[in-house]
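What follows is one structure encoded as structure tokens, with my remarks underneath.
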């Protein structure tokens, strides 16, 4: 039996490390997905090797559109156009998802979310998460977490290996129940795909708040 496990990370660096650990532990990159806020334009910076590697546009059909985003919209894995051995992070690409603005994403979940947007299916990321078996309450909290500058990592794993892979993701992720409760204390109720994306400064303040208040 295959189950989906998801975790939210406050920084893209922590999420990237988690993805690498999942792959090192034997999970195929085709079973992993990452969706990260790009409000601070980290994707185009020189901070991370994966970002540098993925910053060059892949446009093999010369239509002016990154092939990875086209693949996502068509339901294919974003990293598929780069071959099957490069690893998930080699397939990072920019996508626009309602309520999130530009995100850096790769993998099956991002493909599903992008396909939902292209097909005018309500929910985008919410729909992709609930379709994968995530509860609606957690799906809204995960989406809001990405909107506020976080990074979501999801993995499809066998029930037998679930505990092992959850332990890897739990090393540096946030407790989504506690984080959702923190959002609700501010008056938030659910993710709004029509809401304006946060600015880089708003994301910085959000991250600083959770860091200084030690919110899980």
What is the extension gain from residue 199 to residue 175, computed as 0.36 nm multiplied by their sequence separation minus the C-alpha to C-alpha distance, in nm to one decimal? 6.2 nm
By average C-beta atoms within 10 angstrom, highest first, the peptides 100-110, 125-135: 100-110, 125-135
Which value, in Å³ per residue, describes the convex hull spanned by the Cα atoms of segment 96-216? 109 Å³
Förster-model FRET efficiency, 25 Å R0, residue 160 and residue 137, C-beta, rounded to 0.05: 0.40
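Each value in this text was obtained by applying a stated rule to the coordinates, not by laboratory testing. Since the structure is predicted, the reported quantities are computational estimates derived from the model, not experimental observations. Cβ: placed from backbone, ideal geometry, glycine included. Neighbour counts: every protein chain shown.
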